[in-house]
1. Between the range 380-426 and the range 172-224, what's the alpha-carbon centroid distance in Å?
2. Taking every Cα atom in the range 123-188, find the radius of gyration and the maximum pairwise distance Dmax, and write them in Å.
3. In the neighborhood of GLY212, defined by Cβ-to-Cβ distances under 13 Å, what is the net charge if each Lys or Arg adds +1 and each Asp or Glu adds -1?
4. Check each of the trypsin sites (Lys or Arg not before Pro) in the range 245-338 and keep only those in coil by DSSP with at most 13 other C-beta atoms within 10 angstrom; list them in order.
5. With every protein chain kept in the model, how would you rank MET64, MET432 by accessible area, 1.4 Å probe, largest at the top?
6. PRE reach from ASN78 (point 7 Å along Cα→Cβ): which of the range 87-115 fall under 19 Å by backbone N?
7. Given a Förster distance of 56 Å, report the FRET efficiency between ASP60 and THR421 from their Cβ-Cβ distance, rounded to the nearest 0.05.
8. Can you sort LEU350, LEU366 by 1.4 Å-probe accessible area, starting with the largest?
Amino acid sequence: MRALGFASAAALLSAILALSASGGCGGDAFTAGPNTDASTGDGSSSGGGDDAMPSEGGGDGPPMVSGQTVYVATTGKNSNSGLDPQHPVATIKQGLAVAQGLADGGVAVPSVIVCSGTYAEDALHLYFDASLAGGYDCTTNPAKWARAPGYGFPTFDSKVASIITYANTTPQLATFSIDGTISTKASVDGFFISGGTPPSSAPGPSLGLELGEGASPVLSNLVVSGGGGQAAATDAGSIGVRIGKGSAELKNSVVDGGSGKGPSSNGFGSIGVRVLAGTPNIHDDVISGGTGTCTGGYSSVGADVETSLTSAASDALTKLVVIGSDASATPTGPTIGVLARSATMADLDLVGSVVYGAGSTSGTTLSVGVELDSGGTFTLLADRIGAGSQNAGRTVGVEVTSAANVSIVNSEIHAGDVPVTASGSTRGVLLMQAVTKASIVYDTIYTGANGGQDGATAIEAQNGVADVTIENDLLLGSGTTGSTGSANAAVIAATCAGPGKQIAGFDFTGFVNFSDLLYCNDTGQSNGLPAGITVALDGVSTCKTTCGNVIVTNTCITASPNCQADTACPSKPPTPCVQSILGTSWSATNDGYGASTGDAGIASTTWQIEPPGDYCKLTKGATPVPGITDDLLSHARSTSAPTMGAVEYTGSTCAM
């Protein structure tokens, strides 16, 4: 791993452990408080945890049974039997060969136990049901090996790690390949796996770990890096984990895309996790796109999904931290946290996760938190999504270019940051092209501190988008202006009038630091917000389309005429639902990501701020909390203006 080097994995995770994502309609993305298991890993866990990150998985590993267990150590010899702790073999490849013999002899799931150390492996493959476990202490008591404390999540102690490296003796794309009809009885737990650099005569992605041909093992407590390959055609230069088929489970692991170089056009530099097909269950992981470069395509992507992963199928992406690029990266192309793309109308659910697009502070391109391109049905539920920072270019929290139906619910979205004097724009949610239906409800969307010359907008619906519902949201503006007529409008719509009007509902929403509620491209006009703020979207004022909205300007430090509710209809949403109210900051320094020294975020579970619906108070700032000083993009928190926050107030589960 590059900026996330193996030795720094523990430091990264110690920062991420304190994360607690948006509460409500799905609960916290990460368990926080007294129930959090933040131990350093004593090897005594029962294995697997409770599916709430952070937790320890793997524990003591598989039982060591005579005649069913193979032992591997750097001090061993491949001429040894490998069948007792004092006669280990020297390579994991030989250990698997011995285990294959046990399986042929009738052992259902033989175990391969690997001592701490570095193993330069050549064409390493697992193609039968076996339990492969690393991180063992074989020196304290050579006759009785034991799992080393801190071998896996959340500590990932490199001093006790079993490290698998690319031997570079036989041309190979993946350092470790798992394929064949491997069932969920198989497992790989407790390894550091680093991709290599394939020879220039065989360009293609360098992979840390590859799964194909229906392989469905349980993968846990891994640290995987993609290496430094050179892509051919439209491929990627390096990939941490590539999943082809099957229903593997990946949990409690750290994955980095590596430092690959993309093709000259339409490809990728590096990708953390790529899912090509199958139904993998990916949860409770930290995933980074790496430091890849690509002049004609994407520099780096945290997670690239090309198949359907949904809650209904129990394989949604859940409880993840996904970063588009490493902190040290200098991208030459766009960086994206999560990218969903498919030609087959694939669906995706992203639940209870933190996603950050990252990007370059000196870049002139694009940084996106979540991009949805495959035309299916998408649900973002209880997520925290941040775009990134650009010196010039575009930043977008959530970009949807094609979808049958998209629902963004109970999420916190940061549009990113482009200096007000630079060419570019920021958008919280950008809906483009063929989006058939969109529902944006119970969310907090912040436009960023600056929005470039083209301005900052919370939500934009471009031509081709239909049936957009915006309800029970809190939209926070930057208070800045740009050069376009739509600058500093909370919402931009391509069509507001006639049969093609796009806004289906616009109710119970708070608008802070915007001069206009809605800018309509078809009329070229903004709907201003004077004393009465009801907007007649369909030519008449009805509660169906504009009801209970509240506008708060940047002068509303105290109660004033500039902070009013629409009195035409009730100004509160149905019980028990409330608008998504945010806290004041959720970032900490030196956690390894973002525009300055870090903004992956450490949340304060005690920083609940205002009661629901009291938008006027939001402009007053809040009492500082020790250790939390800035927002998702390292903007210093303010005592007089809203700052993107850590803790949402979302109340009970909300009906969509």
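1. The range 380-426 and the range 172-224 have Cα centres separated by 32 Å.
2. 14.3, 38
3. With Lys, Arg at +1 and Asp, Glu at -1, the net is 0.
4. Working: sites: LYS245, LYS251, LYS261, ARG274, LYS319; in loops: LYS245, LYS319.
Hits after loop and neighbour filter: nothing returned.
5. Details: MET64 75, MET432 35 Å².
I get MET64, MET432, largest accessible area first.
6. It comes to 87-102, 112-115, nothing else.
7. Efficiency computed from Cβ-Cβ geometry: 0.45.
8. Ranking LEU350, LEU366 by accessible area, largest first, yields LEU366, LEU350.
The values are calculated or read from the model by the stated rules, or taken from the named source; none is laboratory data. Given the structure is predicted, the values throughout are model-derived calculations rather than measurements. Note: ideal-geometry Cβ built from the backbone for every residue, glycine included; neighbour counts use all protein chains shown. Note: areas computed on protein heavy atoms with side chains; ligands, DNA, RNA excluded. Shrake-Rupley method; radii C 1.70, N 1.55, O 1.52, S 1.80 Å.
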